[in-house]
Amino acid sequence: MKEIVIATKNAGKVREFAAMFAKRGIEVKSLLDFPDVPDVEETGSTFVENAKLKAEAVCQRLQRPVIADDSGLAVDALGGRPGVHSARYAGEDKNDARNIAKLLHELDGVPMEKRTARFHCALAVAIPGQSTAIVEGTCDGYIAEAPRGEGGFGYDPVFYLPERGKTMAELTPEEKNAISHRAKALEKLNEQWDEIMGEKGRTE
Ligand SMILES: O=c1[nH]c(=O)c2ncn([C@@H]3O[C@H](COP(=O)(O)OP(=O)(O)OP(=O)(O)O)[C@@H](O)[C@H]3O)c2[nH]1
Ligand SMILES: [Mg+2]
C-alpha cells in the first residue's frame with residue numbers, strides 16, 4: 001500500500017498520521033484532499049461508534065480503504081466530559097482556545113490531584129467488502145491550571161504529563177507521537193496490519 005485516506009478534516013490529526021505513516025512509507029491523504037466528500041454527522045455515543053460512522057461513510061463514497069479517528073478528552077471530575085463532544089465543547093464552531101477556557105472554568109477550584117483525565121482514540125479501518133476493524137488507545141494525565149506550550153492541537157496545552165513535567169503541547173512532535181492515545185492505537189493497528197489489510201496491505 002502506498003497511500004491511505006484518513007477520514008478527517010482536522011489538520012492536527014493529519015500532521016500526526018502523516019508523520020506516523022511515513023515510517024511505513026505510506027502517504028496520507030485526508031478529506032482536505034477530497035473536498036467533495038460530505039461531512040459525516042457524529043451521532044454515536046462512543047468514540048468507537050463515531051469512528052465507524054466516519055470510516056464507513058467515506059469508504060462507501062471513495063471505494064477505497066479509509067481510516068477514521070474519533071478521539072477526545074475524558075475528565076474524571078466532570079464525569080467523563082467533554083468525551084465525544086470534545087471538538088465542539090464550547091460551541092458548534094470548533095475553537096480550541098474557547099474549549100480550553102470552558103474546561104478550565106469548569107475545573108476552577110478543583111485541586112491538582114483530582115484533575116485526572118485521559119485522552120481516548122478510536123480508529124476504525126473500513127475496506128470495501130470487509131467488516132470494519134477497530135483499534136483503540138488511551139493516554140493518562142492531569143488537566144493543568146493554565147495552558148503551556150505551542151505544539152500539538154486541541155487540549156494539548158492543558159494536558160499535563162506528570163512523568164515528563166510537561167504538557168502535551170510542550171513535547172516535540174516526535175515525543176507526542178511516541179506516547180499519545182493516537183500513537184497507541186496506531187501501534188495496535190500496526191500489530192494487526194497484515195490481518196486487517198490482507199491483500200490490500202501488500203499489493204496496493
Ligand atoms: O489536545 C488534544 N490532543 C489530541 O491529540 C487530541 N485528539 C483529539 N482531541 C480533541 O478531541 C477532538 C476530536 O474530535 P473528533 O474526533 O470528532 O475530531 P474533529 O471533529 O476535530 O475532526 P474529524 O476527524 O471528526 O474530522 C479534537 O477536536 C480535540 O478537541 C485532542 N486534543
Ligand atoms: Mg469530528
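At a glance:
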| read-out | value |
| --- | --- |
| Accessible surface of the chain [probe 1.4 Å, protein heavy atoms]: carbon and sulfur percent | 48 percent |
| Flagged links, alpha-carbon separation over 24 Å, of 23/184; 52/114; 102/188; 2/54; 54/184 | 52/114; 102/188 |
| The stretch 4-58-the stretch 130-158 distance, computed between alpha-carbon centres (Å) | 16 Å |
| Distance (nanometres) between label positions extended 7 Å along Cα→Cβ at residue 110 and residue 22 | 3.6 nm |
| The chain: calculated mean residue ellipticity at 222 nm from DSSP helix runs of at least 4, using -39500 (n - 2.57) | -9500 deg cm²/dmol |
| Two-site label geometry, residue 32 and residue 64: point separation in nm, points 7 Å out along Cα→Cβ | 1.8 nm |
| The chain: most fluctuating residue of 12, 129, 151 per GNM, C-alpha cutoff 10 Å | 129 |
| Share of pairwise Cα separations in the stretch 63-180, more than 17 Å, in percent | 57 percent |
| Rg(Cα)/(2.2 N^0.38 Å) for the stretch 3-203, N = residue count | 1.02 |
| Surface accessible to a 1.4 Å probe, per residue, for the residues of the stretch 3-203, Å² | 49 Å² |
| GluC sites (Glu not before Pro) restricted to the stretch 30-69 and DSSP loop, no more than 12 other C-beta within 10 Å | 41 |
| Sites matching GluC sites (Glu not before Pro) across the stretch 64-121 that sit in DSSP coil, with at most 10 neighbouring C-beta atoms within 10 Å | 92 |
| Pair residue 140, residue 85: separation of 7 Å Cα→Cβ label points (nm) | 2.7 nm |
| Fully extended contour minus Cα-Cα distance, from residue 131 to residue 11, at 0.36 nm per residue | 40.5 nm |
| Relative contact order computed over the chain (Cα-Cα under 8 Å; 6+ residues apart), in percent | 18 percent |
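The values are calculated or read from the model by the stated rules, or taken from the named source; none is laboratory data. Computed from a predicted structure; not experimentally measured. Methodologically, a virtual Cβ is constructed for each residue, glycine included, from the backbone with ideal geometry; neighbour enumeration extends over all protein chains shown. Note: accessible area is taken over every heavy atom of the protein model, side chains too, but ligands, DNA and RNA are not part of it. Shrake-Rupley method; radii C 1.70, N 1.55, O 1.52, S 1.80 Å.
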